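Each remark here refers to the structure printed beneath this line.
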Amino acid sequence: SKRYLQNLPIPLPPPEIQKKIVEECKKVDDEVEKAEKENKQLREEIREIINNVDGEMVKLGEVAMKISDSFNPRDKHRQDNIPYIGLENIESNSGLLIGDILTNYQGIKSTKTIFKKYDILYGKLRPNLNKVYLSEMDGICSTDIMVLRFKNKNLAKIYKYYFLSQKFNYEVLKSVSGVQLPRTSWNKMKSLKIPLPPLQTQKEIVSKIEKLETKIKQNQTIIDSAKSKKEEILNKYLL
């Protein structure tokens, strides 16, 4: 109750301990600020690499195929969990996965599309939201997501970022139909022209991107651990 909370004793440490808590928490905040700033710059470097991708202009349908393998929800003999990705699990404009994706087989009620590791998942409903994910596992996804499979994983890595670019999204939006539920389709997207770098160049591009991604992940670990670090600081001085 409100009265209980008002009368609840809260430990008030001596001023010198308060000062230490503030100093150590500020150090954590400074580390997070630095990591976020670095990640912004690193992502900009990746965008710059992708903007400079050069090569023969080919149709998307020449380097990728749409996967239509369906998962039948009536297959109820399995009791374990499976990664299920809905549009809500793909963050706009970042290529990141969000939320808990492990779903029990028994909870799946409608047909889904099967995807494999290194497939690109592209949100075809409201493509202005720019939802793109390069799969790191096998699983199933919403039928509002297009599953694209490339000739090799280097191309998949490059095109993940190319698909996220404003330039590509602008071209996709030209193919959208529907007012209430605007969507694109493979029949329209497969004709879009994209650059196809030579094989050796693909390897060089991916090598550069992966080095930047490693740094981004290291910084993200710092950002994600900030809350628990502050809790440790408080526990150290207050408990």
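Restricting attention to region 102-130 and to residues that are under 26 Å from LYS40 (Cβ atoms) and surrounded by fewer than 17 Cβ atoms within 10 Å (Cβ to Cβ), the residue that is farthest from the chain's Cα centre (by Cα) turns out to be ASN128. Scanning region 63-97 for residues that are assigned to a helix (DSSP H, G or I) and in contact (Cβ under 8 Å) with a residue 60 or more places away in the chain yields one hit, VAL63. Candidates SER165, SER175, SER135: the one that is of a type in the set (S, T, N, Q), in contact with a strand residue (DSSP E or B) (Cβ under 7 Å, 6 or more places away or on another chain) and surrounded by 15 or more Cβ atoms within 10 Å (Cβ to Cβ) is SER135. When TYR237 is tested against (1) under 21 Å from LEU97 (Cβ atoms); (2) aromatic (Phe, Trp, Tyr); (3) surrounded by fewer than 20 Cβ atoms within 10 Å (Cβ to Cβ), only condition (1) is not met.
Determine if region 224-235 includes at least one residue that is out of contact with any helix residue (DSSP H, G or I) (no Cβ under 8 Å at 6 or more places or on another chain), in a helix (DSSP H, G or I) and closer than 26 Å to PHE150 by Cα.
No; the residues of region 224-235 include none that is out of contact with any helix residue (DSSP H, G or I) (no Cβ under 8 Å at 6 or more places or on another chain), in a helix (DSSP H, G or I) and closer than 26 Å to PHE150 by Cα.
Would you confirm whether any residue within region 87-101 is touching a Pro at 6+ places or on another chain (Cβ under 9 Å), surrounded by 13 or more Cβ atoms within 10 Å (Cβ to Cβ) and of a type outside the set (Val, Ile, Thr)? Looking through region 87-101, none of the residues is touching a Pro at 6+ places or on another chain (Cβ under 9 Å), surrounded by 13 or more Cβ atoms within 10 Å (Cβ to Cβ) and of a type outside the set (Val, Ile, Thr).
Rule-based calculations on the coordinates, nothing more; no lab input. Worth saying up front: this structure is predicted, and the values here are computed from it rather than measured. All Cβ positions, even for glycine, are placed from backbone atoms using ideal geometry, and neighbour counts span all protein chains on display.
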